[in-house]
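Please read the structure below before turning to the comments.
The values are calculated or read from the model by the stated rules, or taken from the named source; none is laboratory data. Keep in mind the model is a prediction, meaning the values are calculated, not measured. A quick note on method: Cβ atoms are made from the backbone with ideal geometry, for glycine too, and the neighbour counts reach across all protein chains shown. What goes into the accessible areas is simple: the full protein's heavy atoms, side chains included, and nothing from ligands, DNA or RNA. Shrake-Rupley method; radii C 1.70, N 1.55, O 1.52, S 1.80 Å.
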Amino acid sequence: MGKLKILFIKNRCEKIARHKARKKKRKPNKKSKNKIELSNSQLVLKKDNFYKKPTICNREKTVIEIPSRFNLINNPVESLNTLKEINYAFEQSKSKEINFDYSKCYDLGLDASVICDLLVSNGKSYRKSCNKKVKLSGNMPQGYVAGEIFCNSGLLRHLKLFNLEDKLVERLDPFELEKDVNAATNKTITYYNKCLQRYNMELNSKGVDYMNSLVGEIIGNANEHSGKHGEWYVSGHFSQASGNLQYGRGSLVFISIGNTIYENLKYNTKSDLTLKKLETHLKYHKPLFDFAWNEEGSLTVLGLQYKISSVTDEKHPDRGTGTIQFIDSFSKLGSKIEGDIPKMAILSGSTHILFDGTYNLKEKNIDNTSVKTIAFNKDNDIKKKPNSKYVKMLNNRFPGVIISTNFYVDSRYLKKKEED
């Protein structure tokens, strides 16, 4: 009995050892987990805690309820929350299925759509690297316009579920663009020219040079100022709805994920001249600060003014002129003969700035020098607080800069402008 007992114990020990060896083999290596690489944009969003848990979220399924206005121009706070939920679903939840419910959405902005698609693309790669499979499901938004963006320039296109080229649509795909400032600038201008050519118009050489300088500065800023892990994208969508021969409607979006306008001016300004301007500006604005107006909003508005840039100096005398001039130009060129003026917006950090033609660039005499200024108040005085309807501090934030421009191409309107 003694020998049998010893043999039994020996076999038992060997069995336990084999079991432990198999278990160790199956167990994921903790070191390999640390090797999971996040994209640059994911690193920025993670650092900013760009997450929000969806209402319906469990191990089996997460439902992303897309709002009726998934648009960062018209509905920034709710749209940002939805984008945070998408990011949470992929990176924080253990759900086996993520359902995108677009059933209530009738206003789909290209800006929110592009960021959504980026989060989905990054999220799928992240899940794959973690060996956590995820199934995607969902439905379509309401109405022709939202559906057209969704199919041609949105999630269906980027999930490769819709590959047909719509003859009534011009696209500038953000994920097919080379990350080269000159190449991206040229493709952006080519996109806009194609929109014009649908109505037998195009930019002349002077117009191309003008657009090249403005678009080049916007993309150059995104490339230079987004920070260590910054990423930038440019996207365009134009619709000649129902073959309309008089006008079409387009969007052009610039997205920089990284530093905000405020962060660059506050912490990265190298120009002594700009530093003095910031100091002087804040002396006027600090007494105006309250729960709805603070230093971030104040410096963000200042950052849009003529020759205000973190690198404005003798070597870069023309920096700090492009973004606001581009928007001003598009608001003038992108209207309709009926007087319809498209909305445009800049979202950076917690600051949301709306353009609808109420406030435009105007010549202002500052220190005996004529300077183009937009202060978003009736006196066009940068020392005064802007109209809170047009410059809002959100109880939400985006880590970076989003410039959203909507425009019309109305041949009747443009010919009239040319005649005038």
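Is it true that LYS94 is part of a loop (DSSP other than H, G, I, E, B), touching a helix residue (DSSP H, G or I) at 6+ places or on another chain (Cβ under 9 Å), over 28 Å from TYR144 (Cα atoms) and free of Cβ contacts under 8 Å to residues at least 60 places away in the same chain? Talk me through it step by step, then tell me what you get.
Details: part of a loop (DSSP other than H, G, I, E, B): yes; touching a helix residue (DSSP H, G or I) at 6+ places or on another chain (Cβ under 9 Å): no; over 28 Å from TYR144 (Cα atoms): yes; free of Cβ contacts under 8 Å to residues at least 60 places away in the same chain: yes.
For LYS94, the condition - part of a loop (DSSP other than H, G, I, E, B), touching a helix residue (DSSP H, G or I) at 6+ places or on another chain (Cβ under 9 Å), over 28 Å from TYR144 (Cα atoms) and free of Cβ contacts under 8 Å to residues at least 60 places away in the same chain - is not met.
When you look at LYS128, is it free of Cβ contacts under 8 Å to residues at least 60 places away in the same chain, in a helix (DSSP H, G or I) and open to solvent by 70 Å² or more (accessible area, probe 1.4 Å), yes or no?
On the way: free of Cβ contacts under 8 Å to residues at least 60 places away in the same chain: yes; in a helix (DSSP H, G or I): yes; open to solvent by 70 Å² or more (accessible area, probe 1.4 Å): yes.
Considered against the rule, which asks whether it is free of Cβ contacts under 8 Å to residues at least 60 places away in the same chain, in a helix (DSSP H, G or I) and open to solvent by 70 Å² or more (accessible area, probe 1.4 Å), LYS128 comes out as yes.
Could you grab me the full set of residues in region 53-62 that are over 9 Å from SER95 (Cβ atoms) and either of a type in the set (A, V, I, L, M, F, W, C) or assigned to a strand (DSSP E or B) (or both)?
ILE56 - this is the single residue of region 53-62 that is over 9 Å from SER95 (Cβ atoms) and either of a type in the set (A, V, I, L, M, F, W, C) or assigned to a strand (DSSP E or B) (or both).
Starting from region 381-407, take each residue that is on the phi < 0 side of the Ramachandran plot and among the hydroxyl-bearing types (Ser, Thr, Tyr) and list its partners that are open to solvent by 60 Å² or more (accessible area, probe 1.4 Å) and assigned to a loop (DSSP other than H, G, I, E, B), counting only C-beta distances under 7 angstrom and pairs at least six apart or across chains.
Short answer, once both residue conditions are applied: TYR390/THR358.
Looking at ASN163, ASN212, which one is touching a helix residue (DSSP H, G or I) at 6+ places or on another chain (Cβ under 8 Å), within 29 Å of LEU414 (Cβ to Cβ) and not in a strand (DSSP E or B)?
Values: ASN163 fails: within 29 Å of LEU414 (Cβ to Cβ).
The match here is ASN212.
Search region 89-125 for residues being surrounded by 19 or more Cβ atoms within 10 Å (Cβ to Cβ) and of a type in the set (S, T, N, Q), and hand back the single one that is nearest to GLU60 (Cα to Cα).
My answer is SER95.
Check whether at least one residue in region 33-43 is buried (at least 22 other Cβ atoms within 10 Å of the Cβ) and under 26 Å from LEU347 (Cα atoms), and report yes or no. It would help to see each step written out before you state the result.
Let us first name the residues in region 33-43 that are buried (at least 22 other Cβ atoms within 10 Å of the Cβ), namely 41-42.
Going one step further and asking which of them are under 26 Å from LEU347 (Cα atoms), we end up with 41-42.
Yes, there is a match, as at least one residue in region 33-43 is buried (at least 22 other Cβ atoms within 10 Å of the Cβ) and under 26 Å from LEU347 (Cα atoms).
Yes or no: LEU136 open to solvent by 30 Å² or more (accessible area, probe 1.4 Å) and within 25 Å of SER39 (Cα to Cα)?
Against the criterion (open to solvent by 30 Å² or more (accessible area, probe 1.4 Å) and within 25 Å of SER39 (Cα to Cα)), LEU136 qualifies.
Residue under question is GLY216, and the condition is that it be under 21 Å from THR405 (Cα atoms), in contact with a Cys (Cβ under 7 Å, 6 or more places away or on another chain) and open to solvent by less than 60 Å² (accessible area, probe 1.4 Å); does it hold?
On the way: under 21 Å from THR405 (Cα atoms): yes; in contact with a Cys (Cβ under 7 Å, 6 or more places away or on another chain): no; open to solvent by less than 60 Å² (accessible area, probe 1.4 Å): yes.
No.
Across region 223-245, which residue is modelled with the highest pLDDT among those that are within 20 Å of PHE407 (Cβ to Cβ) and in a loop (DSSP other than H, G, I, E, B)? Reasoning before the result, please.
Filtering region 223-245 for residues within 20 Å of PHE407 (Cβ to Cβ) gives 233-245.
Next, only the ones that are in a loop (DSSP other than H, G, I, E, B) stay: 240, 244-245.
Details: GLN240: 92, ASN244: 81, LEU245: 81.
Going through the qualifying residues, I end up with GLN240.
LYS364: part of a strand (DSSP E or B), more than 22 Å from the chain's Cα centre (by Cα) and more than 28 Å from TYR199 (Cβ to Cβ), yes or no? So that I can check it myself, show each step before the final result.
Numbers: part of a strand (DSSP E or B): yes; more than 22 Å from the chain's Cα centre (by Cα): yes; more than 28 Å from TYR199 (Cβ to Cβ): yes.
When the stated conditions are applied, LYS364 passes them.
Specify the residue that is farthest from SER95 (Cα to Cα); the eligible residues are those in region 163-183 that are within 23 Å of the chain's Cα centre (by Cα) and surrounded by 14 or more Cβ atoms within 10 Å (Cβ to Cβ). Lay out the reasoning, then the answer.
In the first step, residues of region 163-183 are kept if they are within 23 Å of the chain's Cα centre (by Cα); the result is 169-183.
The next check asks that each one be surrounded by 14 or more Cβ atoms within 10 Å (Cβ to Cβ); those that pass are 169-174, 177, 181.
Values: VAL169: 36, GLU170: 36, ARG171: 33, LEU172: 33, ASP173: 30, PRO174: 28, LEU177: 32, VAL181: 39 Å.
Among those that are within 23 Å of the chain's Cα centre (by Cα) and surrounded by 14 or more Cβ atoms within 10 Å (Cβ to Cβ), it is VAL181.
Take region 339-373 and flag every residue that is of a type in the set (Val, Ile, Thr) and in contact with a helix residue (DSSP H, G or I) (Cβ under 6 Å, 6 or more places away or on another chain).
If the condition is that a residue be of a type in the set (Val, Ile, Thr) and in contact with a helix residue (DSSP H, G or I) (Cβ under 6 Å, 6 or more places away or on another chain), then THR351 is the only one that fits.
Considering only region 275-293, state which residues are open to solvent by less than 70 Å² (accessible area, probe 1.4 Å) and in contact (Cβ under 8 Å) with a residue 40 or more places away in the chain.
HIS281, HIS285, LEU288, ALA292, TRP293
If the Cβ limit is 8 Å and pairs must be 6+ apart or interchain, which residue in region 69-82 that is touching a residue at least 24 places away in the same chain (Cβ under 8 Å) pairs with which residue that is of a type in the set (Asp, Glu) and surrounded by 24 or more Cβ atoms within 10 Å (Cβ to Cβ)?
Qualifying pairs under 8 Å: ASN71/ASP111; LEU72/ASP111; ILE73/ASP111.
Against the conditions (1) closer than 20 Å to GLY297 by Cβ; (2) in a helix (DSSP H, G or I), where does GLY220 fall short? Just the number, please.
Answer for GLY220: the failing condition is (1).
Please enumerate the residues belonging to region 380-412 that are over 28 Å from the mean Cα position of the chain (by Cα) and open to solvent by 70 Å² or more (accessible area, probe 1.4 Å).
LYS383, LYS384, ARG412 - these are the residues of region 380-412 that are over 28 Å from the mean Cα position of the chain (by Cα) and open to solvent by 70 Å² or more (accessible area, probe 1.4 Å).
Do you know which residues across region 139-150 are open to solvent by less than 50 Å² (accessible area, probe 1.4 Å) and either over 11 Å from HIS237 (Cα atoms) or in a strand (DSSP E or B) (or both)?
Selection gives PRO141, ALA146, GLY147.
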